[in-house]
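To start, the structure itself, in structure tokens.
The values are calculated or read from the model by the stated rules, or taken from the named source; none is laboratory data. Everything numeric here is computed off the predicted structure, so don't read it as measured data. Neighbour counts are summed over all protein chains in view; Cβ atoms, including those assigned to glycine, are modelled from backbone coordinates with ideal geometry. For the accessible areas, the whole protein counts, side chains as well, though only heavy atoms, and no ligand, DNA or RNA atoms are used. Shrake-Rupley method; radii C 1.70, N 1.55, O 1.52, S 1.80 Å.
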Amino acid sequence: MTDTTNGERKTVTITDNRDGKSWDFPILEGSTGPDVIDVRRLYADTGFFTFDPGFTSTGSCESRITFIDGEKGILMHRGYRIEDLAEHSDYLDVCYLLLNGELPGQGQKDKFVYDVTHHTMLHEQLINFYKGFRRDSHPMAIMVGIIGALSAFYHDSLDINDPRHRMVASYRLIAKMPTIAAMAYKYSIGQPFVYPQNNIGFAENFLHMMFATPCEPYDINPVLARAMDRILILHADHEQNASTSTVRIAGSSAANPFACIASGIASLWGPAHGGANEAVLNMLTEIGTKDRIPEFVKRAKDKSDPFRLMGFGHRVYKNYDPRAAVLKQSAHDVLEDLGVHDEPLLEVAMELERITLEDEYFIEKKLFPNVDFYSGIIFKALGIPTSMFTVLFAMARTVGWVAQWNEMIEDPKQKIGRPRQLYTGQTERRYKHLRERG
Ligand code: CMC
């Protein structure tokens, strides 16, 4: 491929060395970040497809929501640095920003908070669904089921071509996710469901639904509520990751929003993605003490061992994940507030980080702690059980999924997502009858 400048129009020329034929493809420039080669006419003009398993070099859409500079470790939503949002905004501020493109003014914020808050309650009949699950179900299994089932209840927000339906569905998803998540937890421990309270903040309400019981009041610790809110901000969106791409692909067929978000939750569940936060805590617990770290680091470097250090590495970040940096500080703050000065898991985590940052293997492969590395320690300090960690990720990410889904529906270039393949299977052959098969 050669990059030529053709007057004002930048193009890349692809030449087929077999017959010397060549074609020009336009280079598209974003507002920042790498340019892309527009290959939309590639197949029609050349008969070739691109081959990119795992989409390591593929931009699947145009987006204005989130920007990541992986080399520098920068994450921005609508142009605002994640560190600033985590420091100065609250989660619903960030939700508004992701959905609408701007931080809200006071009047807009009040209305948004009111609108979202008044969708927190769940259709009472939906509660029957929980009883169909085993008590020991993983809460992510419950989330996939209940969120998908929302489409059977909220028929007035299923028309994806109606902006009002889309908005109501978006608010419902953001608002009901904490209620559904907390109910999954309550169900697993056999406690009565706690209904949402609309006169307290988003994070506070979640903690209340998780930990209050009808028997005694639950006092919300503002430091812990702020830590929870900050975690929600840090997980709110992350451009075209696996679960967001899943939501976009599901939505590209014009599936309803609840079905799309259920597909995102399913994709998030895996340990290479959102399931990593649960896996990190299990790993730190298994390591147990600092003296056992070298053994695990050795295993992570051994190509014949499938073990990986969970919470390390990222497809896009080749530098410290900026979210991990904020969470590391938050973990210290939370433990300090709780008067915990010698949390063994934090000690193991910090030592593991120190060792890997000095280790040739991790340096060479640019493997740094990611968002999932420190979040579990905070969740644990907040009293949240390990199996709920990925649920909290899903709860926070819902706004990102919803914002990206809305953006896709509104994009006039939107088409059904339908990748092709490099076929390496059998070519056509004569059908073999059973008697001939041996
Ligand atoms: N421990 C040890 N080696 C690793 C790790 C790790 N955590 N991550 C990547 N590597 C090695 C990998 O073996 C490969 O080596 P080589 O080039 O010799 O084959 C190289 O680094 C590149 O890895 P990759 O799997 O090709 O990279 P990827 O971009 O496809 O995968 C990842 C990214 C996040 C799936 C991977 O780093 C990983 O499995 N990390 C652990 C799970 C984790 O923490 N996931 C959370 C990601 S951040 C939040 C989210 O997305 O939810």
Got a number for the accessible area of LYS21? Probe 1.4 Å, square angstrom, nearest 10. 120
Of 176-183, 147-154, ordering from highest average Cβ density within 10 Å down gives 176-183, 147-154
Under 5 Å, built H, 5+ apart or other chain: amide partners of PHE312: ASN370
Nearest 10 degrees, 0 to 90: helix 91-100 Cα axis against the chain principal axis: 30
Expected vector for the stretch 294-304, Karplus 3J(HN,Hα) from phi with 6.51, -1.76, 1.60 and θ = phi - 60°, integer Hz, x for Gly and Pro, equals x, 4, 6, 5, 4, 4, 4, 8, 7, 5, 8
Virtual spin-label span in nm between VAL223 and THR56, 7 Å along Cα→Cβ: 4.5
With only helices counted (DSSP H, runs n ≥ 4, each -39500 (n - 2.57)), the per-residue ellipticity at 222 nm for the chain, to the nearest 500, works out to -15000 deg cm²/dmol
Can you list the HN-Hα couplings for the stretch 254-266, worked out from phi with the Karplus curve (6.51, -1.76, 1.60; θ = phi - 60°), rounded to whole Hz and with x for Gly and Pro? 6, 5, 6, x, 5, 5, 5, 5, 4, 5, x, 4, 4
Taking 80-91, 188-199, 379-390, 295-306 and ranking on average Cβ neighbours within 10 Å, highest first, one gets 379-390, 80-91, 188-199, 295-306
Angle between the Cα long axis of helix 242-252 and the longest principal axis of the chain, 0 to 90 degrees, nearest 10? 70
Please determine, in degrees from 0 to 90 and to the nearest 10, the orientation of helix 106-117 with respect to the longest principal axis defined by the Cα atoms of the chain, where the helix direction is its Cα long axis. 80
Can you give me the solvent accessible area of SER57 with a 1.4 Å probe, rounded to the nearest 10 Å²? 100
For the chain, which whole percent of the accessible surface, found with a 1.4 angstrom probe, sits on carbon and sulfur atoms? 51
Mean accessible surface per residue for the chain, computed with a 1.4 Å probe while every protein chain stays in place, in Å²: 51
Along the dipole axis of the stretch 1-109 (charges at Cβ: +1 for Lys and Arg, -1 for Asp and Glu; origin at the Cα centre), the most positive-end residue among GLY33, CYS61, THR15 is THR15
Would you please give the residues with an amide H less than 5 Å from that of THR50, counting only those at least 5 places away or on a separate chain, with H modeled from the backbone geometry? none
Protein chains only, probe 1.4 Å: how do CYS95, CYS61 rank by accessible area, largest first? CYS61, CYS95
Quick one: check the C-alpha center-to-center distance for the stretch 250-273 versus the stretch 360-430, whole angstrom. 10
Order of 99-107, 367-375 by packing, highest average Cβ count within 10 Å first? 367-375, 99-107
Phi-derived 3J(HN,Hα) across the stretch 384-396 with the Karplus relation (6.51, -1.76, 1.60, θ = phi - 60°), rounded Hz, x for Gly and Pro, is 8, x, 3, 5, 8, 4, 5, 4, 5, 4, 4, 4, 5
Inter-part gap, Cα centre of the stretch 121-139 to Cα centre of the stretch 276-312, in whole angstrom, is 34
